[in-house]
Amino acid sequence: NLDIITSDTSVCEGSLIEMRAIGSPGYTYKWSPAIGVSDVNLLQPNITATQNNIYTLTASFPNCVDTSVMFYLDVEKYPTLQLVAPTEACEKSEIQMTTNVTPYRNDYSYVWTPVTGLNYPTGPNNVLIADTTRRYQVRVSTPSGCADSVAQTIVVHKKGNGDAISGADYCAPGAAQRWAANGS
């Protein structure tokens with residue numbers, strides 16, 4: 001009697017899986033490959049997830065044919081996220097925020113906070129019209145929950161009602177007089 005109770009699984013790199021298996025008394029057991037296995041001769045070892053693998057558990061008894069069962073382990077790497085966005089903008093200007101994530105996967109999930117003004121709060125990239133200074137955070141995760149996040153504050157400078165006035169008469173190389181008002 002030999003069976004692996006632990007279901008095939010996807011986990012984040014570095015996770016520890018406590019293997020559950022059943023076997024018959026008197027048999028010897030061997031896991032292969034040995035990559036990440038705490039003790040290849042235990043029926044129920046721990047496996048540290050370092051890479052995708054198909055593990056085979058083999059039961060042996062003297063003068064009997066070996067019996068084997070398999071376990072599939074999918075290991076997802078933690079993403080590394082970069083946010084490309086300006087740190088300052090003028091009020092009512094268009095701001096583009098772009099993410100770069102490594103390693104590449106096409107099944108990442110994105111969550112932006114706050115979602116105020118964003119055109120696509122669950123997508124990798126966003127565009128918004130600057131209205132006020134705000135701190136944006138984006139979180140990216142794999143289907144197993146391996147995640148990274150990054151935040152950036154975008155300082156929005158209010159548009160003033162400034163006026164610039166210059167003297168009407170100007171002759172080179174003389175000086176022209178100018179005035180500014182109502183601005184910051």
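The values are calculated or read from the model by the stated rules, or taken from the named source; none is laboratory data. Every value quoted in this text rests on a predicted model; they were computed, and no experiment measured them. Positions of Cβ are generated from backbone atoms using ideal geometry, with glycine treated the same way; all protein chains shown enter the neighbour counts. The area values use the complete protein model at the heavy-atom level, side chains included, leaving out ligands, DNA and RNA. Shrake-Rupley method; radii C 1.70, N 1.55, O 1.52, S 1.80 Å.
GNM remark for the chain: springs join alpha carbons under 10 Å apart, and the peak mean-square fluctuation among Val127, Val11, Val138 falls on Val127. Within a straight-line Cα-Cα reach of under 30 Å, Lys77 can be paired with the following lysines, leaving aside sequence neighbours fewer than 8 residues apart in one chain: Lys30. Using a cutoff of 8 angstrom between alpha carbon atoms and counting only pairs six or more residues apart, the relative contact order for the chain works out to 16 percent. Per the Kirkwood formula applied to alpha carbons, region 1-84 shows a radius of gyration over Rh ratio, Rg over Rh, of 1.11.
Between Ala34 and Val84, the simple spin-label model (points 7 angstrom out along Cα→Cβ) gives 4.6 nm.
Note on the chain: with a GNM built from Cα contacts shorter than 10 Å, the maximum mean-square fluctuation among Ile47, Ile22, Ile154 falls on Ile22. In straight-distance terms, cross-link reach from Lys159 covers every one of the aspartates and glutamates whose alpha-carbon lies under 19 Å from its own, apart from those fewer than eight places away in the same chain; here that gives Glu88, Glu91, Glu94, Asp131. Charge tally for Phe71 (other residues, Cβ to Cβ under 12 Å; Lys, Arg +1; Asp, Glu -1): -2. Label sites at Asp131 and Phe61, each approximated as a point 7 angstrom past Cα along Cα to Cβ, lie 7.3 nm apart.
Considering only Ser24, Ser38, Ser109, the Gaussian network model of the chain with Cα springs below 10 Å gives its largest mean-square fluctuation to Ser24. Computed from the alpha carbon positions, the gyration tensor of the chain leads to an equivalent ellipsoid with semi-axes of 66, 14, 10 Å, biggest first. The residues of the chain expose, per residue, 62 Å² of accessible area to a 1.4 Å probe. Where the centroid of each part is defined by its Cα atoms, how far is region 42-62 from region 78-125 in Å? Region 42-62 and region 78-125 have Cα centres spaced 41 Å from each other. Modelled spin-label separation between Gln152 and Arg139, with each label point placed 7 Å from Cα along the Cα-to-Cβ direction: 2.0 nm.
For region 46-143, the square roots a ≥ b ≥ c of the C-alpha gyration tensor eigenvalues yield an a/c of 1.5 or more together with a/b exceeding b/c, which makes the shape prolate.
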